[in-house]
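The values are calculated or read from the model by the stated rules, or taken from the named source; none is laboratory data. The structure presented is a predicted model; accordingly, all values stated were derived computationally and were not measured. Note that each Cβ is placed from the backbone with ideal geometry, even for glycine, and that neighbours are counted across all protein chains shown.
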Amino acid sequence: MSVFEKFKHGLTKTRDFVAAQFNRLAAEFGHFDDDMLDELEMTLIQADCGITASMESIDAIREHIRNTGDDSHAGVIGALYETLSSMLTERKLTLERGKLTIYLMVGVNGTGKTTTSAKLAQRAKREQYRVMMAAADTFRAAAIDQLKVWGERTQTAVIAHDMGSDPAAVVFDAIQSAKARGTELLIVDTAGRLHTKKNLMDELAKIRRVIDREAPDAKLETLLVIDATTGQNGIIQARAFNDSVALTGIVITKLDGNAKGGVAIAVARETGLPLVLAGLGEGADDLQDFDRELFLKAILPEY
Ligand SMILES: Nc1nc2c(ncn2[C@@H]2O[C@H](COP(=O)(O)OP(=O)(O)O)[C@@H](O)[C@H]2O)c(=O)[nH]1
Ligand SMILES: [Mg+2]
């Protein structure tokens, strides 16, 4: 499967929904009037693109029609593509040979932090990097075991302490070990936390301080993992986590889960943070670098 086919396959539900609405609207006349544009705005909102992004998109389409007189199906999709594209920032995660990069994986419970950590470990190992994972989710014994199982499957070393221990201490150990072994990528899997619980957010800030102190020369990526199926709450999560740990990128998982893939647009538009990875399924290969063009082509009808 090409990367585009992977995006298309993962985003089937969102595209089917958006395309069906488009085609229904355009079926009768082949062009768009005011009422139809209002309906199109509703479609974008229902696909979880967010109120702001949806409104701005329709405004841009109206302006396009005013300026060019082109209210055709293709003209409208083209204008929509352009405006959505301007709202999305993408950035590719890169590693450097012989230098330590740390990925700090954060997010609420069940969004896919552990799975994504394992997928990233696998990808980096395939590219011949020296990789290690740290089990900084010490809340549940099962969480530590889950990471260890992924460590075995991907043949990646896992640094873990007992359940209930201080996650910052796990990270401290992992960094010492990474330095000793010449690790090039250390992935820190953390516990899912409610962005509303202050002490849990403080704990994350403490991990962050340990990293800054013990590995000041390492390249740090603080990645928020958001589950696309949770919809607009993702925006609130992104703001809260950004306030306590200064995020460098957003990972959107479970884009294959429902017809709400537009949430990637809402989060990007509202936070201005770059999208770095897209989770398009549960398989190890279902993690892709976020690609703005392929993402939009996969959710919009062809034109
Ligand atoms: N369909 C789908 N499921 C995913 C994806 N990423 C993670 N999952 C599933 O989401 C569930 C929770 O994942 P987990 O990594 O344990 O979440 P964590 O609590 O954030 O560590 C698991 O059943 C994963 O298989 C994805 O991109 N697509
Ligand atoms: Mg986990």
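Quick notes
- Residue match in the range 87-107 (condition: within 16 Å of ligand 2 (Cβ to nearest atom) and within 21 Å of Gln232 (Cβ to Cβ)): yes
- Restricting Met132, Met87 to those that are closer than 16 Å to Glu184 by Cα, more than 16 Å from ligand 1 (Cβ to nearest atom) and in contact with a Ser or Thr (Cβ under 9 Å, 6 or more places away or on another chain) reduces the list to Met132.
- Scanning the range 251-268 for residues that are near ligand 1 (Cβ under 8 Å from one of its atoms) and at pLDDT 90 or above yields a total of 4.
- Residue in the range 37-51 that is within 15 Å of Leu300 (Cβ to Cβ), in contact (Cβ under 8 Å) with a residue 24 or more places away in the chain and charged (D, E, K, R) present: yes
- Within the range 163-183, tally of residues that are in contact with a helix residue (DSSP H, G or I) (Cβ under 8 Å, 6 or more places away or on another chain), away from ligand 2 (no atom under 16 Å from the Cβ) and of a type outside the set (Gly, Ala, Ser): 4
- The residue pairs whose first member lies in the range 155-176 and is in contact (Cβ under 8 Å) with a residue 12 or more places away in the chain, whose second member is surrounded by fewer than 17 Cβ atoms within 10 Å (Cβ to Cβ) and of a type in the set (Ser, Thr, Tyr), and whose beta carbons are closer than 9 Å, counting only pairs six or more residues apart or on different chains, are Ala157/Ser177; Ile159/Ser177.
- Long-range neighbours under 9 Å by Cβ, at least six apart or interchain, first residue more than 18 Å from Thr248 (Cα to Cα) within the range 94-115, second within 9 Å of ligand 1 (Cβ to nearest atom) and of a type in the set (Gly, Ala, Ser): Asn109/Ala191; Asn109/Gly192; Gly110/Gly192; Thr114/Ala143; Thr115/Gly279
- Subset of the range 94-114 that is within 16 Å of ligand 1 (Cβ to nearest atom) and surrounded by fewer than 21 Cβ atoms within 10 Å (Cβ to Cβ) - its residue that is farthest from Asp291 (Cα to Cα): Asn109
- Of the residues making up the range 170-196, just one is among the charged types (D, E, K, R), crowded, with 19+ Cβ neighbours inside 10 Å, within 25 Å of Arg140 (Cβ to Cβ) and modelled with pLDDT of 95 or more, namely Asp189.
- Per the listing Leu224, Leu200, Leu186, Leu120, the residue uniquely of a type in the set (A, V, I, L, M, F, W, C) and away from ligand 2 (no atom under 15 Å from the Cβ) is Leu186.
- Candidate set from the range 260-297 (those that are acidic (Asp, Glu) and under 17 Å from Ser85 (Cβ atoms)); member that is nearest to ligand 2 (Cβ to nearest atom): Asp289
Results for (1) in contact with a strand residue (DSSP E or B) (Cβ under 9 Å, 6 or more places away or on another chain); (2) farther than 30 Å from Lys297 by Cβ; (3) among the acidic types (Asp, Glu), shown as yes or no for each residue.
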{"site": "Asn109", "(1), (2), (3)": "no, yes, no"}
{"site": "Gly112", "(1), (2), (3)": "yes, no, no"}
{"site": "Thr115", "(1), (2), (3)": "yes, no, no"}
{"site": "Met133", "(1), (2), (3)": "yes, yes, no"}
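- Selected residue (criterion: nearest to Ile187 (Cα to Cα)) from residues of the range 64-84 that are without any contact (Cβ under 8 Å) to a residue 60 or more places away in the chain and of a type in the set (Ser, Thr, Tyr): Thr83
Per-residue answers, yes or no, for (1) in contact with a strand residue (DSSP E or B) (Cβ under 9 Å, 6 or more places away or on another chain); (2) over 15 Å from Met105 (Cα atoms); (3) in contact (Cβ under 8 Å) with a residue 60 or more places away in the chain; (4) buried (at least 24 other Cβ atoms within 10 Å of the Cβ):
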| residue | (1), (2), (3), (4) |
| --- | --- |
| Arg239 | no, yes, no, no |
| Asn242 | yes, no, no, no |
| Ala246 | yes, no, no, no |
| Gly249 | yes, no, yes, no |
| Asp256 | yes, yes, yes, no |
| Ala259 | no, yes, yes, no |
| Ala268 | yes, yes, yes, yes |
| Gly272 | no, yes, yes, no |
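- Counted as qualifying within the range 130-241 are the helices (runs of 4 or more DSSP H) with 3 or more residues that are hydrophobic (A, V, I, L, M, F, W, C) and within 24 Å of the chain's Cα centre (by Cα), namely 141-154, 198-214.
- Single condition Leu200 does not satisfy, out of (1) surrounded by 15 or more Cβ atoms within 10 Å (Cβ to Cβ); (2) in contact (Cβ under 8 Å) with a residue 12 or more places away in the chain: (2)
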